[in-house]
Amino acid sequence: MNIHHILHQQKVFFATHKTKNVSYRIQQLEKLKSVLQEHEEMLYEAIHQDFGKSRFDTFTTEISLVLNDIEYFFKNLKRLSKPRKVATNLANIPGRSRIYFEPLGNVLVIGAWNYPYQLSLSPMVAAIAAGNTCIIKPSEVAANTMVAMAKIINENFDPELLHVAQGGVEETTEILQLKFDKIFFTGSTRVGKIVYEAAAKHLTPIVLELGGKSPAIVTESADFQIAAKRIVWGKFLNGGQTCVAPDYVLVNEKIKDKFLEYLRSYIQQFNYQPDSEHYTRIINEKNFDRLVQLIDPEKIYTGGNHDRSRLFIEPTILHNISWDDKMMEEEIFGPILPVLTYPYFREALTEIQSREKPLAAYLFTNKEDEKKLFTSLVSFGGGCINDVIMHLSNPHLPFGGVGNSGMGHYHGRFSFETFSHQKAVLHRKWWGEPNLKYPPYSENKLKWIKRLLG
Ligand code: NAD
């Protein structure tokens, strides 16, 4: 079916106000949950075909996240949808003030390939929970997952509420010409700019969930064995193809050698082999070739082996790196971890501050003053102290970028708010109003107004 026609159907359906009913939304989420669970095997298979991801990783980083989002809305949607009471200021007393959460209308979600299922379906779940209709355009790069999602959603839901549109650049360009009430985009900063421009033509509000080079700082006071363990896990999860993976490490020069040894020992312990069930492959040849070029053989501390026929790149640690090296120019987005050193903590912060604001940043330390400096001086989307990635698993924290790493945020109640208009309404009483604001004005009225509002 033609995409123009589907959006038209969604506009007509939204105008019936059916989606404003919270029970209707919950029914749709219940249906979605059972449809997704029924087709779970199909999803495991599709994601495995796309990049050899294990069932364990697919469940923990894809399937469970969408199910958790649905459960979150089962528990919280009624409360979130209620008008929120806020205080009324002196000038409007007697009166009551409320924020009404109103669905925006017709939403477009454009997903990235690296977590092809949850990056498309989590925003979709929130869009429905907030009472919108939704067209989802997953990434064509994870082609099998895109086809599976289209089958699951399009065969089970009316296109007037939900529709998965398949396709790549050409199809997305066509969709972006249409007028939506919100666009939620996950992907690269380069394409984010294209989507932002298209949205501006219709004055469509937009969320951009982009990437960047996310640093991890390891200080002298850290438990650097635990730091190494957590960094190895977060870096090589999904074959390094995670937007919030630590892109590079800045380690205090005094502990560099010990820290590198721990990195190597955890890589060995975690057993990332070409035929390993728990090590995800590189998505395609194009990315494989781009990544292999970033491995400078002279700078390999451990790893560096690769096999194009299997799209396998061994977890690779690079050392003796300077800021001018090639792999420090752009987001790596693969299993290559450059380790740089710094002499003083302040210098590490200055280096990060002088670059584009990253999507995530991580600090490993035991010192309170370092934690304070890090959180107050460095701008980044979100992050952790003494861990990596896990901040995004807490639904009470907003998830999103800042500056070049994006705008807007989601997760938990922030997802609901992202897909809602917050309509402000002041309810006035008929009585109790001083005559001050009405003409004719006088010096005496001005004196009272100054006292009240000044
Ligand atoms: P991408 O920007 O290449 O593609 C994202 C989407 O845009 C896809 O659906 C694609 O079909 C579409 N697209 C591509 N080119 C287009 C064009 N010219 N016009 C219109 N649409 C176009 O990104 P990707 O390679 O899928 O994902 C990797 C990037 O996404 C990395 O930078 C990563 O950090 C980032 N990312 C961010 C998050 C986050 O939550 N902030 C999550 C995952 C990935």
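Restricting N284, N271 to residues that are open to solvent by 20 Å² or more (accessible area, probe 1.4 Å), within 16 Å of the ligand (Cβ to nearest atom) and within 30 Å of the chain's Cα centre (by Cα) narrows the list to N284. Screening C384 on (1) without any contact (Cβ under 8 Å) to a residue 60 or more places away in the chain; (2) open to solvent by 40 Å² or more (accessible area, probe 1.4 Å); (3) within 16 Å of the ligand (Cβ to nearest atom) shows it passes everything except condition (2). Within segment 438-452, being in contact with a helix residue (DSSP H, G or I) (Cβ under 7 Å, 6 or more places away or on another chain) and not basic (K, R) holds for W448, I449, L452.
Set side by side, the residues E329, E368 differ, and just one is away from the ligand (no atom under 16 Å from the Cβ) and loosely packed, with under 15 Cβ neighbours inside 10 Å, which is E368.
With a cut-off of at least 3 residues that are touching a Gly at 6+ places or on another chain (Cβ under 8 Å), name the strands (runs of 3 or more DSSP E) lying wholly within segment 351-432.
The strands (runs of 3 or more DSSP E) meeting that bar are 360-364, 420-428.
Kindly list, by first and then second residue, each pair from a residue in segment 240-258 that is assigned by TED's automatic domain parsing to the domain that holds T189 to a residue that is part of a strand (DSSP E or B), limited to pairs with Cβ atoms under 6 Å and residues at least 6 apart or on different chains. Note: no pairs meet the criteria.
Number of residues in segment 238-263 that are within 14 Å of the ligand (Cβ to nearest atom) and either in a helix (DSSP H, G or I) or in contact with an Asp or Glu (Cβ under 7 Å, 6 or more places away or on another chain) (or both): the value is 4. Looking at segment 12-19, is at least one residue in a helix (DSSP H, G or I), out of contact with any helix residue (DSSP H, G or I) (no Cβ under 8 Å at 6 or more places or on another chain), buried (at least 19 other Cβ atoms within 10 Å of the Cβ) and not β-branched (V, I, T)? Within segment 12-19, one or more residues are in a helix (DSSP H, G or I), out of contact with any helix residue (DSSP H, G or I) (no Cβ under 8 Å at 6 or more places or on another chain), buried (at least 19 other Cβ atoms within 10 Å of the Cβ) and not β-branched (V, I, T).
Of all residues in segment 276-292 being of a type outside the set (K, R) and without any contact (Cβ under 8 Å) to a residue 24 or more places away in the chain, which is farthest from Q49 (Cα to Cα)? Checking each candidate, the answer is V292. Looking across segment 137-152, the residues that are of a type in the set (A, V, I, L, M, F, W, C) and surrounded by fewer than 24 Cβ atoms within 10 Å (Cβ to Cβ) come down to V141, A143, V147, A150, I152. Do you know which of the residues in segment 72-103 that are without any contact (Cβ under 8 Å) to a residue 12 or more places away in the chain and either part of a helix (DSSP H, G or I) or not assigned by TED's automatic domain parsing to the domain that holds L36 (or both) is farthest from D181 (Cα to Cα)? Among residues in segment 72-103 that are without any contact (Cβ under 8 Å) to a residue 12 or more places away in the chain and either part of a helix (DSSP H, G or I) or not assigned by TED's automatic domain parsing to the domain that holds L36 (or both), the one farthest from D181 (Cα to Cα) is K75. Can we say Y266 is more than 14 Å from the ligand (Cβ to nearest atom), among the aromatic types (F, W, Y), open to solvent by 10 Å² or more (accessible area, probe 1.4 Å) and out of contact with any Lys or Arg (no Cβ under 6 Å at 6 or more places or on another chain)? No; evaluated as a whole, the condition is false for this residue.
A127 passes every criterion in (1) out of contact with any Cys (no Cβ under 9 Å at 6 or more places or on another chain); (2) more than 11 Å from the ligand (Cβ to nearest atom); (3) small (G, A, S) apart from (1).
The values are calculated or read from the model by the stated rules, or taken from the named source; none is laboratory data. Just so it is clear, the model here is predicted, and its values are computed rather than measured. In this analysis, Cβ positions are derived from the backbone assuming ideal geometry, glycine residues included, and neighbour counts consider all displayed protein chains. Note: areas computed on protein heavy atoms with side chains; ligands, DNA, RNA excluded. Shrake-Rupley method; radii C 1.70, N 1.55, O 1.52, S 1.80 Å.
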